[in-house]
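**Student:** Below is a structure I'd like to ask you about.
The values are calculated or read from the model by the stated rules, or taken from the named source; none is laboratory data. None of the values given here were measured: they were computed from a predicted structure. Please note: Cβ atoms are built from the backbone with ideal geometry, for glycine as well, and neighbour counts cover all protein chains shown.
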Amino acid sequence: MNDILIQNGRVIDPASGLDAVTDVAIAEGRIVEVGKVSGQAREVIDATGRIVCAGLIDIHVHCREPGHEEEETIATAAAAAVAGGFTTICAMPNTHPPLDDEAAIQYVIERAKDVRLARVLPVGCITKAREGKELAEMAMMRSAGAVAFSDDGDGVASTAVMYRALQYAGMLGVPLLQHCQDPDLGRGHLNSGAVAVRMGLAGIGPAGEQIMLRRDLALLERTQARYHVQHVSTAGSVRLLREAKAGGLAVTAEATPHHLLLTDAACAGYDPVYKVNPPLRSADDVEAVRAGVADGTIDCLASDHAPHSAEEKELEFGLAPFGMISLECALGLYAKALIDTKRLDWPGLIARMTVNPARAIGRDLGTLAPGAVADVTVIDPKRRWTVRAAKVASKSRNCPYDGWRLKGKPVATIVDGQIKYAA
Amino acid sequence: MTAPRHFVWKRKHLVGLDELTAGEIAHVLDTAESFREVSTRSIKKVPALRGKVVALLFFEDSTRTRMSFELAASRLSADTVLLTAKGSSVAKGETTLDTVRNIEAMGVDIFVIRHGQSGAPHMLAGKVRGSIVNAGDGQHEHPTQALLDIFTVRQRLGAVAGLKVAIVGDIAHSRVARSNIIGLRKLGAEVVVVGPPTLVPSAITAMGCEISHSLDDVLGEVDVVNMLRIQFERFGSNLFPSVREYSRIYGLNAERLGRCRKDVLVMHPGPINRGVELTSEVADGPNSCILQQVTNGLAVRMAVLYLVSQAGP
């Protein structure tokens, strides 16, 4: 007998090209059948009018553990993930201490096992202590379970270090995730332009992102590495990526909800909830990032969920830290930015939240093919709901979408064949 | 004191000129006009703020703005308390908001705030019960400086609308420039900002001003030249190669003044670097109104403290 039978949903599996109203059967933690299933199951989910897809994957989440457990923990991040329809999240390594060795990677994996909600896949640092000087022990971290490497929060400033990192990670077959920002040009608080000038705050111009991306693409041509661009925020970067992909380079990229929905105009009232890195850009950049996602230049959607305490976000704009949270409402935000605007249909959106991010980190996830791990998300594409920052499962409240009306919500999240969230 | 022109002032805070309408700016100036006379009396005091407490919170150093506000408050018969960043709880790691809330708990009606962070008064305005008066926030606004500048222009040239004003120097990092641009544009003056591109962001044109990189090009066509102070601490950040070169291109000397309109008004928010922005001959000459600006600052700040204290809760 099957453990779970999901009946009569619109089953969308971009990995196999499937888009049909049918059933999905799960047994012993695996997908056993996709198609009209007869017979009994211990649990039956009626998915009429719902979308059934592989579990959503967010490859850019700050879990803050170890070090800042007052802002988020692996447990609360995983709870936020399943509430947002995500069965897999990648934990960024800019913790305290950073995830820059085998023991730190093992710690995250053990904590995630104890929590037993979403899969939490650790990302290790590219360089020791994220200092951009010496390579971290990537091979040992990979053996311990690191799925990628990143100094996220900062780009790897030294060209020589980045070149070595690409060579070395290329040998391991593990992707490097780069936060593209030239540090010399990055010492501001929001996007350069009329808003920053009027506010009297130093800006972070688009050139700083493009300079590092351009450099990395030149290095990538000379290595066998896999390279992924985090949180693409500028029209210029989208253009560079489009050219690089046309030239056959092994590059993937992600876009965040905020770079698809918000502009620097939101910062004008000095509310630090809108302070994020890379910063909110212009309306033209938002349009370019949307177009990049639509045409596949940007393969993945990722939240860059970055929790911060109320104390930290109650400071002056220039003193507050960068970052905003969106893990639980990400799906509705992407739908608003990409489906409501007719940039994508549901299969297109789901590809960018399942199989594409799985491929970017080289994992065999993100599909409903029989035999695959039973990570499944059921979505009600018509459900209208209101974001309530005060009620999120995340430990922090720095959510700029508080009060937003969204359409589209996960109603069941199944990880390893077990229902972890139902609404 | 009665305010002129039956205008009902409703603002509890003065955080910037950006928030004010042209009518409100004119009302502050008119009110200042009526307070100017107080300073000429033998007993330089009116009871307008008797029993009120004005806290002067100077998180960033200042001499003349602080003294000007202190004197303005005392001429209105308010009690004042002063906080300076050095030796205060700020140095012990207290946040701005906590510092202000603690002082408010002692019973303060008006907070005059100078702060190094742009937007600090905006943040506080929504979170305290008293009035917030911005005495300069980071590189954002310095509304009372612009009001006293505009007051002085109006006093010397009769009106503001239709004038062309050059603001010269480090526009990028200047709160005086921003408030002046906003206020002058609202009152119908044209503004041209002058300096090298490293000190004049191109996006400043969104505030309604023109940009020129040549002082010599604009001198002949302006009614007012407001020379900003060059901050030597910026030196070394490659914003300009040397003070000598800056002064050569953007300094106002007698020869350049000779190419201006005869009645051109020369302003400077102070403190002056003599021989850099202005030669002594120009700073102390008949076209200069620098000391008049300081005198007017008192009347303008009296007007601001008086008006915000009159607004409802």
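**Student:** When the residues of region A:330-351 are narrowed to those that are in a loop (DSSP other than H, G, I, E, B) and in contact with a helix residue (DSSP H, G or I) (Cβ under 8 Å, 6 or more places away or on another chain), which ends up nearest to the other protein chains (Cβ to nearest Cβ)? Lay out the reasoning, then the answer.
**Tutor:** Let us first name the residues in region A:330-351 that are in a loop (DSSP other than H, G, I, E, B), namely A:340-345.
Those left that are additionally in contact with a helix residue (DSSP H, G or I) (Cβ under 8 Å, 6 or more places away or on another chain): A:341, A:343-345.
Details: A:T341: 27, A:R343: 29, A:L344: 33, A:D345: 38 Å.
Among those residues, the one meeting the criterion is A:T341.
**Student:** Which of the residues belonging to region B:20-51 are charged (D, E, K, R) and farther than 14 Å from B:V304 by Cα?
**Tutor:** Keep residues of region B:20-51 that are charged (D, E, K, R), which gives B:24, B:30, B:33, B:36-37, B:41, B:44-45, B:50.
Answer for region B:20-51, where residues must be charged (D, E, K, R) and farther than 14 Å from B:V304 by Cα: B:E37, B:R41, B:K44, B:K45, B:R50.
**Student:** When only residues in region A:294-345 that are surrounded by 22 or more Cβ atoms within 10 Å (Cβ to Cβ) and of a type in the set (S, T, Y) count, which is nearest to A:S237 (Cα to Cα)?
**Tutor:** A:T297
**Student:** What tally of residues in region A:38-59 results from selecting those that are in contact (Cβ under 8 Å) with a residue 24 or more places away in the chain and among the hydroxyl-bearing types (S, T, Y)?
**Tutor:** Taking region A:38-59 as the starting set, the residues that turn out to be in contact (Cβ under 8 Å) with a residue 24 or more places away in the chain are A:39-59.
Right, trim to among the hydroxyl-bearing types (S, T, Y) and you get A:48.
Adding up the residues that qualify gives 1.
**Student:** Residues that are touching a Cys at 6+ places or on another chain (Cβ under 9 Å), at least 3 per element: which helices (runs of 4 or more DSSP H) completely within region A:133-204 meet that? Give the derivation first.
**Tutor:** Numbers: elements: A:138-144, A:159-172, A:194-199.
Answer list for region A:133-204: A:194-199.
**Student:** Say we look at region A:271-287 and pick out the residues that are outside any helix (DSSP H, G or I) and surrounded by fewer than 24 Cβ atoms within 10 Å (Cβ to Cβ); which of these is farthest from the other protein chains (Cβ to nearest Cβ)?
**Tutor:** Result: A:N277.
**Student:** Would you check which residues across region A:36-81 are in contact with a Pro (Cβ under 7 Å, 6 or more places away or on another chain) and among the charged types (D, E, K, R) and list them?
**Tutor:** A:R64, A:E71, A:E72
**Student:** Only helices (runs of 4 or more DSSP H) wholly contained in region B:70-162 count here; list those with 1 or more residues that are modelled with pLDDT under 95.
**Tutor:** Those helices (runs of 4 or more DSSP H) span B:96-104, B:120-125.
**Student:** Please verify whether A:H228 is more than 14 Å from chain B (Cβ to nearest Cβ), closer than 25 Å to A:P400 by Cα and buried (at least 23 other Cβ atoms within 10 Å of the Cβ), treating the condition exactly as stated.
**Tutor:** no
**Student:** Would you tally the residues in region B:230-275 being of a type outside the set (G, A, S) and part of a loop (DSSP other than H, G, I, E, B)?
**Tutor:** The qualifying residues number 19.
**Student:** Can you name every residue in region B:109-122 that is more than 8 Å from every other protein chain (Cβ to nearest Cβ) and not small (G, A, S)?
**Tutor:** If the condition is that a residue be more than 8 Å from every other protein chain (Cβ to nearest Cβ) and not small (G, A, S), then B:D109, B:I110, B:F111, B:V112, B:I113, B:R114, B:P121 are the ones that fit.
**Student:** Something else now. Kindly evaluate A:A369 against the criterion of being assigned to a strand (DSSP E or B) and of a type in the set (G, A, S). Show your work before the answer.
**Tutor:** Details: assigned to a strand (DSSP E or B): no; of a type in the set (G, A, S): yes.
Against the criterion (assigned to a strand (DSSP E or B) and of a type in the set (G, A, S)), A:A369 does not qualify.
**Student:** Then there is this: Only residues that are within 19 Å of A:K336 (Cβ to Cβ), in a helix (DSSP H, G or I) and in contact with a Ser or Thr (Cβ under 9 Å, 6 or more places away or on another chain): list them for region A:243-263, please.
**Tutor:** If the condition is that a residue be within 19 Å of A:K336 (Cβ to Cβ), in a helix (DSSP H, G or I) and in contact with a Ser or Thr (Cβ under 9 Å, 6 or more places away or on another chain), then A:P257, A:H258, A:H259 are the ones that fit.
**Student:** Being within 12 Å of chain A (Cβ to nearest Cβ) and surrounded by fewer than 17 Cβ atoms within 10 Å (Cβ to Cβ) is the requirement here; does B:T205 meet it?
**Tutor:** Spelling it out, B:T205 is indeed within 12 Å of chain A (Cβ to nearest Cβ) and surrounded by fewer than 17 Cβ atoms within 10 Å (Cβ to Cβ).
**Student:** Mind checking which residues of region B:35-67 are farther than 24 Å from B:N102 by Cα, in a loop (DSSP other than H, G, I, E, B) and in contact with a helix residue (DSSP H, G or I) (Cβ under 9 Å, 6 or more places away or on another chain)?
**Tutor:** Quick first cut of region B:35-67, residues farther than 24 Å from B:N102 by Cα only: B:35-48, B:63-64.
Now drop any that are not in a loop (DSSP other than H, G, I, E, B), which leaves B:41-48, B:63.
B:K44, B:K45, B:V46, B:A48 - these are the residues of region B:35-67 that are farther than 24 Å from B:N102 by Cα, in a loop (DSSP other than H, G, I, E, B) and in contact with a helix residue (DSSP H, G or I) (Cβ under 9 Å, 6 or more places away or on another chain).
**Student:** Something else about it: For region B:48-61, check the following and say yes or no: at least one residue is within 26 Å of B:R156 (Cα to Cα) and not charged (D, E, K, R).
**Tutor:** no
**Student:** Taking interchain pairs and intrachain pairs at least six residues apart, which have beta carbon atoms under 6 angstrom, with the first residue in region A:62-84 and touching a residue at least 40 places away in the same chain (Cβ under 8 Å) and the second of a type in the set (D, E)?
**Tutor:** Hits for this filter: A:C63/A:E72; A:R64/A:E71; A:R64/A:E72; A:T73/A:E65; A:I74/A:E65; A:A80/A:E328; A:A83/A:E328; A:G84/A:E328.
**Student:** Further question: Filter region B:295-309 for residues that are of a type outside the set (V, I, T) and closer than 21 Å to B:P269 by Cα and give the result.
**Tutor:** B:N296, B:G297, B:L298, B:A299, B:R301, B:M302, B:A303, B:L305
**Student:** With the requirement that a residue be of a type outside the set (A, V, I, L, M, F, W, C) and touching a Gly at 6+ places or on another chain (Cβ under 6 Å), what does region A:12-29 give you?
**Tutor:** Passing the criteria: A:T22, A:G29.
**Student:** Of all residues in region B:3-50, count the ones that are exposed (fewer than 12 other Cβ atoms within 10 Å of the Cβ) and without any contact (Cβ under 8 Å) to a residue 12 or more places away in the chain.
**Tutor:** 7
**Student:** Within region A:289-312, is there a residue that is under 30 Å from A:D23 (Cβ atoms) and assigned to a helix (DSSP H, G or I)?
**Tutor:** There is no residue in region A:289-312 that is under 30 Å from A:D23 (Cβ atoms) and assigned to a helix (DSSP H, G or I).
**Student:** With the requirement that a residue be touching a strand residue (DSSP E or B) at 6+ places or on another chain (Cβ under 8 Å) and within 9 Å of chain A (Cβ to nearest Cβ), what does region B:123-170 give you?
**Tutor:** Once the filter is applied, which keeps residues that are touching a strand residue (DSSP E or B) at 6+ places or on another chain (Cβ under 8 Å) and within 9 Å of chain A (Cβ to nearest Cβ), region B:123-170 yields B:D137, B:G138, B:E141.
**Student:** Let me ask something else. Determine whether region B:179-201 contains at least one residue that is within 22 Å of B:V276 (Cα to Cα) and of a type in the set (S, T, N, Q).
**Tutor:** Yes, that holds for at least one residue.
**Student:** Right, another one. Step by step: first the residues of region A:383-423, then only those that are within 23 Å of A:G55 (Cβ to Cβ) and polar (S, T, N, Q), then the one that is surrounded by the fewest Cβ atoms within 10 Å (Cβ to Cβ). Which residue is that?
**Tutor:** A:Q418
**Student:** Scan region A:14-57 residue by residue and report those that are touching a helix residue (DSSP H, G or I) at 6+ places or on another chain (Cβ under 8 Å) and either of a type in the set (A, V, I, L, M) or crowded, with 19+ Cβ neighbours inside 10 Å (or both).
**Tutor:** Scanning region A:14-57 gives A:P14, A:A15, A:I51, A:C53, A:A54, A:L56, A:I57.
**Student:** Looking at B:A166, is it out of contact with any Leu (no Cβ under 7 Å at 6 or more places or on another chain) and surrounded by fewer than 20 Cβ atoms within 10 Å (Cβ to Cβ)?
**Tutor:** Values: out of contact with any Leu (no Cβ under 7 Å at 6 or more places or on another chain): yes; surrounded by fewer than 20 Cβ atoms within 10 Å (Cβ to Cβ): no.
Against the criterion (out of contact with any Leu (no Cβ under 7 Å at 6 or more places or on another chain) and surrounded by fewer than 20 Cβ atoms within 10 Å (Cβ to Cβ)), B:A166 does not qualify.
**Student:** Return yes when B:G195 is within 13 Å of chain A (Cβ to nearest Cβ) and in contact with a Phe, Trp or Tyr (Cβ under 7 Å, 6 or more places away or on another chain) and no when it is not.
**Tutor:** Working: within 13 Å of chain A (Cβ to nearest Cβ): no; in contact with a Phe, Trp or Tyr (Cβ under 7 Å, 6 or more places away or on another chain): yes.
No, not satisfied.
**Student:** Can you tell me how many residues within region B:213-229 are in a loop (DSSP other than H, G, I, E, B) and either modelled with pLDDT under 95 or farther than 13 Å from B:V191 by Cα (or both)?
**Tutor:** Total meeting the criteria: 5.
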